[in-house]
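Below is one structure, written out as structure tokens, with a few remarks after it.
No lab work stands behind these numbers, since they all come straight from the coordinates. Keep in mind that this is a model prediction, so the values were computed, not measured. Backbone-built Cβ (ideal geometry, glycine too); neighbour counts: all protein chains shown.
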Amino acid sequence: MWEVLPGVVSVPDTPDSTATKLWVSDREGNLVLVSDAWYAYAGLPRDDALGCGWLEAVHPDDRQLCLGKLEAALARRAPYAVEYRLRRADGQYRWVVDAARPRLGDGGEFAGFVGVVIDIHQRKMSELVRMESDRLFRLLADNIGCLVWMADPQGRTFWCNRRWRDYAGVSLEEIVTSDYSEFVHPEHMERIALEFQAAWSAGQPWRGMALLRAKDGSYRWFLCLANPIHGNDGEIVSWVGTCTDVNQEVEVEEELRSAQRELERALSLKDEFLGLVSHELRTPLTAILAGSRLMSHELSAEQQREVAAEVATNADRLATLVENMLILARPESDSPTASDLEPLQLQRIVAAAVKRHGTRFPGRRILLQVGTEDIIVEGQKAWIDQILENYLGNAEKYANPDAQFVVQVERVNQEAIVRVLDEGPGLSDVNIDELFDAFYRSSVARWQAKGVGLGLAVVKRLVTIQGGRVWARNRRDVQGAEFGFALPLSRFAGLV
């Protein structure tokens with residue numbers, strides 16, 4: 001017995017015309033002998049298969065394949081096998097395998113082929129169904145909206161879908177031969193390795209979140225699932241997994257958490273604000289009421305002056321607090337137009353503000369530094385007065401009684417610059433980024449000075465709506481802080 005296809009097809013040395021679909025050809029490949037079983041299977045009249053007549057029973061789409069295989073084998077005088085569709089006696093085309101080996105003449109010369117035809121239709125149909133199933137699976141897997149992969153029982157990847165390869169920017173061979181750690185964010189690698197190892201060891205499904213690297217080097221959040229596939233004996237034969245992009249959902253969740261934190265912070269600030277405002281409003285009101293009641297009693301002229309001064313001071317304090325609250329309550333969209341602003345001589349406004357502060361705090365030394373050149377800005381005088389009052393009032397809260405303030409006014413390029421320099425504790429414990437936010441108060445401010453954290457927020461609002469900018473920083477020469485603002489110069493500079 002000589003095997004053309006090891007373990008599958010055997011070609012006998014001599015044809016048995018009663019049972020086996022055999023054929024014999026000459027050295028040109030023409031059939032010279034065909035078994036009765038072949039004729040019975042194909043339903044052709046006897047002798048019609050001789051020569052090249054057998055091709056009549058072959059499916060038209062497969063004839064060229066059969067001839068090509070035969071011609072190649074004749075040229076090499078070597079065994080061959082070919083699968084094709086052969087018409088059965090009932091008219092149905094069925095898959096067969098046609099296997100042949102050379103036969104030799106009496107002198108050992110090549111005399112042709114002897115072959116056998118075996119019906120493999122059921123096996124071929126199963127293969128085609130499996131191939132179609134595989135094709136459909138890959139078509140589905142390549143177009144599904146997630147990354148899909150398969151691994152052997154030991155967890156080694158042997159396949160992944162096109163979306164995976166496109167996302168990572170690598171070939172299937174690169175993924176198969178690489179460690180999956182190359183695609184996972186380093187900060188998550190240890191956690192994922194431990195989680196998957198535990199699931200693999202237990203033969204249980206795994207679910208986890210991971211940051212996976214894209215081909216551009218960026219990372220996105222994926223929900224990763226892995227499930228074991230069991231064979232008929234219950235043993236794991238492979239693993240299949242999916243990775244679904246949930247980056248947008250993660251970002252939305254983080255935004256919601258951030259919004260929740262901001263809401264909780266806002267509610268906390270609201271409670272703190274209400275407590276502070278209640279105290280800040282009640283304190284000057286109490287002093288004003290007490291002073292007004294005292295005024296109804298018989299007082300000396302000196303006592304009347306002292307009480308009146310105390311009432312005025314607390315009234316100013318109350319007015320400032322109310323004014324600040326009204327400014328911050330004004331919608332940001334309610335910004336002034338060009339017609340709301342007017343050209344202003346900045347040095348005069350600053351000098352008047354310094355004088356007013358000196359009147360309220362007669363013991364305070366204030367050095368005013370201004371140039372001789374007029375500096376014209378466009379704004380509203382009341383707003384600039386409010387800015388200066390808040391800056392000077394803020395400095396007053398933290399300064400020693402004998403400390404000196406320096407107020408500077410100068411022109412730098414196309415801006416008017418105003419600085420208020422104090423000799424207070426400085427800004428070492430202050431978050432500069434939040435300093436101009438409403439209700440912000442540093443730890444030093446909370447125990448050293450009264451207030452609700454509105455003054456600097458008001459400054460920023462008023463400067464911003466006039467087209468300017470604000471800043472705060474520590475002084476370089478001495479201990480203390482510099483608070484400043486800049487406004488753009490007026491287009492009417494030189495005409496005022």
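When the Karplus curve 6.51 cos²θ - 1.76 cosθ + 1.60 is applied with θ = phi - 60°, which whole-Hz ³J(HN,Hα) does each residue of the range 285-295 get, with x for Gly and Pro?
With the stated coefficients, the range 285-295 comes to 5, 4, 5, 5, 5, 5, x, 5, 5, 5, 5 Hz.
Please label the shape of the range 25-75 as rounded, prolate or oblate, based on the square roots a ≥ b ≥ c of the eigenvalues of the alpha-carbon gyration tensor (a/c under 1.5 means rounded; beyond that, a/b larger than b/c means prolate, else oblate).
Oblate, since a/c reaches 1.5 and b/c is not below a/b.
Tell me, what is the percent relative contact order of the range 338-488, built from C-alpha pairs under 8 Å that lie six or more residues apart?
Reported as a whole number, the value is 23 percent.
Given just the C-alpha atoms of the range 338-488, how large is their convex hull per residue in cubic angstrom? Can you show the working numbers first?
Details: hull volume 17.0 nm³, N = 151.
Per residue, the Cα convex hull of the range 338-488 comes to 112 Å³.
If each residue's Cβ is checked for other Cβ atoms within 10 Å, how do Glu482, Glu255 rank with the fewest at the top?
Lowest to highest Cβ neighbour count: Glu255, Glu482.
In whole Hz, with x marking every Gly and Pro, tabulate ³J(HN,Hα) for the range 383-391 from phi via Karplus 6.51 cos²θ - 1.76 cosθ + 1.60, θ = phi - 60°.
Values per residue, Gly and Pro as x: 5, 5, 4, 5, 4, 5, 4, 5, 4 Hz.
Aspartates and glutamates within cross-link reach of Lys69: Cα-Cα under 20 Å, excluding same-chain residues under 8 positions apart?
Glu3, Asp26, Glu28, Glu56, Asp61, Glu83, Asp98, Asp119
Kirkwood Rh over alpha-carbon pairs of the range 144-245, then Stokes-Einstein at 20 °C and 1.002 mPa s: what D in µm² s⁻¹, rounded to an integer?
Answer, rounded: 155 µm²/s.
Full-extension gain between Arg305 and Val322, please, as 0.36 nm times their residue separation minus the C-alpha to C-alpha distance. All intermediate terms of the calculation are to be shown ahead of the outcome.
Numbers: separation 17, 0.36 × 17 = 6.12 nm, distance 2.55 nm.
Using 0.36 nm per residue and subtracting the Cα-Cα distance, I get 3.6 nm.
In nm, what is the difference between 0.36 nm times the number of residues separating Gln404 and Asp433 and their Cα-Cα distance?
7.8 nm
What are the GluC sites (Glu not before Pro) within the range 182-249 that DSSP puts in a loop, where the Cβ has at most 14 other Cβ atoms within 10 Å?
On the way: sites: Glu182, Glu187, Glu190, Glu195, Glu235, Glu249; in loops: Glu235.
Counting only loop positions with at most 14 other Cβ atoms within 10 Å, the GluC sites (Glu not before Pro) in the range 182-249 are Glu235.
Pull up all non-local amide H partners of Ile375: gap of 5 or more, or a different chain, and H-to-H distance under 5 Å with H placed in the peptide plane.
Distant-sequence amide H within range of Ile375: Leu346, Gln347.
Near Trp95, within a Cβ-to-Cβ distance under 13 Å, what is the net charge of the other residues, with Lys and Arg +1 and Asp and Glu -1?
0
How do Tyr391, Tyr219 line up, fewest other C-beta atoms within 10 Å first?
If I rank by nearby Cβ atoms, fewest first, I get Tyr219, Tyr391.
Give the value in nm², to one decimal: projected area of the alpha carbon convex hull of the range 349-435, averaged over all directions.
6.7
Lys381: which aspartates and glutamates have alpha carbons under 16 Å from its alpha carbon, excluding same-chain residues fewer than 8 sequence positions away?
Hits, sequence-local ones excluded: Glu323, Asp340, Glu342, Glu389.
Using a Förster distance of 60 angstrom, determine the FRET efficiency expected from the C-beta separation of Glu174 and Leu55, and round it to 0.05.
0.80
Taking 0.36 nm per intervening residue step and subtracting the Cα-Cα distance, what contour gain separates Thr359 from Gln248 on full extension?
Residue separation times 0.36 nm, minus the Cα-Cα distance, leaves 34.0 nm.
Cut-off is 10 Å between beta-carbons; in what order do Leu346, Leu139 appear when sorted fewest neighbours first?
The order, fewest Cβ neighbours first, is Leu139, Leu346.
Determine, from the Cβ-Cβ distance of Glu264 and Gln122 and an R0 of 51 Å, the FRET efficiency 1/(1 + (r/R0)^6), rounded to the nearest 0.05.
0.15
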